[in-house]
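Note sheet for the following structure.
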Amino acid sequence: AQSVTQLDSQVPVFEEAPVELRCNYSSSVSVYLFWYVQYPNQGLQLLLKYLSGSTLVKGINGFEAEFNKSQTSFHLRKPSVHISDTAEYFCAVRNNFNKFYFGSGTKLNVKP
Amino acid sequence: NAGVTQTPKFRVLKTGQSMTLLCAQDMNHEYMYWYRQDPGMGLRLIHYSVGEGTTAKGEVPDGYNVSRLKKQNFLLGLESAAPSQTSVYFCASSPKETQYFGPGTRLLVL
């Protein structure tokens, strides 16, 4: 089975600072990678996804992620965060049978 | 489109009681999933379905049953609720590549 590791359970950052949320996955022949965001008391929303092609993927709300096959990573970045980015972020990987595996989540806390 | 809806939004059960959570999607997706979310553990797959009339076990299926009699609905049942099943339950549907999530059901088992 696939596995996803999000090493940072919480990331505090000041408003307008850059942020990187780390995600590593277990190696597989085919890799489909996702980042989701969950605001308090809501469901998960798709931020971005990597299926194939360019390793730099741009998503909503100014987020982007880079697929690095050699390091089996898919880190999420934003150059300047806002208070409204405070949420929990989940990295996920999908296998060829359309099963998804999620990391344990990273809580991003943006401080004024 | 309503997307993915879940009923109920919140429920309190006593140990040993049974209940059914309903997930409905109006996007004609083949795949549907039930997850539970617990603090610090991310989302764990309970059961999933790859099409009408099919179901399969996920990572944590014990204590749960599911049915997919109609393509648009995926039901999650708890036959005899236990305090360990206190959680937030999310349903998702997928055409193939991406999952679309419902708003969740908070379940408290006393």
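Below, the figures for the structure above:
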read-out	value
Residue in segment A:71-81 that is of a type in the set (Val, Ile, Thr) and surrounded by 15 or more Cβ atoms within 10 Å (Cβ to Cβ) present	yes
Checklist (1) within 10 Å of chain B (Cβ to nearest Cβ); (2) within 18 Å of residue A:64 (Cα to Cα) applied to residue A:23, failing item	(1)
Candidates B:60, B:66 - the one that is among the hydrophobic types (A, V, I, L, M, F, W, C), in contact with a strand residue (DSSP E or B) (Cβ under 9 Å, 6 or more places away or on another chain), assigned to a loop (DSSP other than H, G, I, E, B) and surrounded by 15 or more Cβ atoms within 10 Å (Cβ to Cβ)	B:60
Strands (runs of 3 or more DSSP E) wholly inside segment A:1-70 that include at least 1 residues being farther than 23 Å from residue B:45 by Cβ and not acidic (Asp, Glu)	A:10-14, A:19-21, A:56-58, A:64-68
Residues that are at pLDDT 95 or above and either in contact with a Pro (Cβ under 7 Å, 6 or more places away or on another chain) or acidic (Asp, Glu) (or both), drawn from segment B:54-109	B:62, B:105, B:109
Residue in segment A:79-86 that is in contact with an Asp or Glu (Cβ under 6 Å, 6 or more places away or on another chain), within 16 Å of residue A:19 (Cβ to Cβ), more than 11 Å from every other protein chain (Cβ to nearest Cβ) and in a loop (DSSP other than H, G, I, E, B) present	yes
Residue satisfying condition, being within 13 Å of chain A (Cβ to nearest Cβ) and without any contact (Cβ under 8 Å) to a residue 12 or more places away in the chain, within set B:41, B:32	B:41
Flag for residue B:90 being outside any loop (DSSP other than H, G, I, E, B), aromatic (Phe, Trp, Tyr) and out of contact with any Leu (no Cβ under 7 Å at 6 or more places or on another chain)	no
Count - residues of segment A:87-112 that are of a type outside the set (A, V, I, L, M) and more than 14 Å from chain B (Cβ to nearest Cβ)	3
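The values are calculated or read from the model by the stated rules, or taken from the named source; none is laboratory data. Bear in mind that the values here come from a model prediction, so they are computed numbers and not experimental data. In this analysis, Cβ positions are derived from the backbone assuming ideal geometry, glycine residues included, and neighbour counts consider all displayed protein chains.
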